[in-house]
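The values are calculated or read from the model by the stated rules, or taken from the named source; none is laboratory data. Nothing here was measured: the structure is a model prediction, and the numbers come from that model. Here Cβ is always computed from backbone atoms with ideal geometry, including for glycine, and neighbour counts include all displayed protein chains. All accessible areas refer to the heavy atoms of the entire protein, side chains included, with ligands and DNA or RNA removed. Shrake-Rupley method; radii C 1.70, N 1.55, O 1.52, S 1.80 Å.
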Amino acid sequence: MIVYKTEEEIELMRASAKVLAQAHGEVASMIREGITTRELDQRAEEFIRDHGGQPSFKGYNGFEYSLCISPNSVVVHGFPGDYTLKSGDVISVDAGVLLNGYHSDSAYTYPVGEVAPEVLKLLEETKKSLYLGIEQAVAGNRMGDISFAIQNHVEKQGYGVVRELVGHGIGKKLHERPEVPNYGKRGAGLKLQTGLTLAIEPMVNLGTKSVVQEKDGWTIRTKDLKPSAHFEHTVVVRKDKAEILTSFEYIEKALQ
């Protein structure tokens, strides 16, 4: 069942999304050579709890961490741990916050130190595809319009769009219906209605679209071991223009 949100519920999600955006900013301010992914995870959890929230991911289906941190060829669901960031890495940080009974979810991929130009371009174009998808999240459009906008943009750049992982509805549950694929046909799929809240999240690979799951049951990696990028916002379908609840504002300030 698809759950459409009232304005009161959207306000609660907006509060959750603000804490999440600020937590991302805290993480962004720490990203540098020599820091471990565990340190990033610990800081995010501390910040979220200090602001009255809970990390959405911690305990989800047995996941033990507050962040999914995915370096280089890891697409998503990477475990924080002893991995130490080094120059040339790209690192995806995916986080969620549960506050006032509602979830928010967003992700950002960072370059560390001196990163190859073609990898920086992958990050830039994947981020651009997120906003192109969001532009289509308006009432009267179809889910396929979001999916097509993302796929069309990144495939023109020669990148691979991951098929096995998709965006999703979000609200009282971290993952709600409907699914939001990053590939599809314009004009196909669910007709979008006002009050639908979605986590739109392109996952785009420098090389092949094919991925493999590691033995830990979580970590998803590119099959050809080339880098991947992941950007995500929580949005509300509106009549004329989608509303983005999460924000990269705090990230961008931290990176200046």
Checklist entry - Got at least one residue in the range 112-126 being of a type outside the set (Val, Ile, Thr), in a strand (DSSP E or B), out of contact with any Gly (no Cβ under 7 Å at 6 or more places or on another chain) and more than 23 Å from VAL180 (Cα to Cα)? => result no
Checklist entry - Any residue in the range 123-134 that is farther than 14 Å from PRO202 by Cα and open to solvent by 20 Å² or more (accessible area, probe 1.4 Å)? => result no
Item to check | Residue list for the range 153-200, restricted to those being without any contact (Cβ under 8 Å) to a residue 12 or more places away in the chain and open to solvent by less than 60 Å² (accessible area, probe 1.4 Å) | outcome: GLY158
Checklist entry - Of all residues in the range 51-64, how many are aromatic (Phe, Trp, Tyr), surrounded by fewer than 24 Cβ atoms within 10 Å (Cβ to Cβ) and in a loop (DSSP other than H, G, I, E, B)? => result 1
Checklist entry - Would a scan of the range 77-95 turn up a residue that is within 18 Å of MET203 (Cβ to Cβ), outside any strand (DSSP E or B), aromatic (Phe, Trp, Tyr) and modelled with pLDDT of 95 or more? => result yes
Checklist entry - Applying the selection to the range 86-97, what residues are buried (at least 23 other Cβ atoms within 10 Å of the Cβ) and out of contact with any Leu (no Cβ under 7 Å at 6 or more places or on another chain)? => result SER92
Next on the checklist: Considering only the range 234-255, I want to know if a residue exists there that is open to solvent by 30 Å² or more (accessible area, probe 1.4 Å), modelled with pLDDT under 95, out of contact with any helix residue (DSSP H, G or I) (no Cβ under 8 Å at 6 or more places or on another chain) and more than 19 Å from ARG177 (Cβ to Cβ).
Outcome noted: yes
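Based on this model, can you work out whether ARG238 counts as within 22 Å of ALA15 (Cα to Cα) and either of a type outside the set (A, V, I, L, M) or within 17 Å of the chain's Cα centre (by Cα) (or both)?
When the stated conditions are applied, ARG238 passes them.
Let's see how each residue does on (1) part of a loop (DSSP other than H, G, I, E, B); (2) open to solvent by 60 Å² or more (accessible area, probe 1.4 Å); (3) of a type in the set (A, V, I, L, M); (4) in contact (Cβ under 8 Å) with a residue 40 or more places away in the chain:
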| site | (1), (2), (3), (4) |
| --- | --- |
| LYS5 | yes, no, no, yes |
| ALA23 | no, no, yes, yes |
| GLU39 | no, yes, no, no |
| ALA44 | no, no, yes, yes |
| ARG49 | no, yes, no, no |
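Restricting attention to the range 70-85, which residues are more than 20 Å from LYS209 (Cα to Cα) and open to solvent by less than 20 Å² (accessible area, probe 1.4 Å)? Please lay out each step first, then the result.
Going residue by residue through the range 70-85, those that are more than 20 Å from LYS209 (Cα to Cα) are 79-85.
Once the filter is applied, which keeps residues that are more than 20 Å from LYS209 (Cα to Cα) and open to solvent by less than 20 Å² (accessible area, probe 1.4 Å), the range 70-85 yields PRO80, GLY81, LEU85.
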Checklist outcome for this item: Going through the range 98-122 in order, the residues found to be among the acidic types (Asp, Glu) and surrounded by 20 or more Cβ atoms within 10 Å (Cβ to Cβ) are ASP105
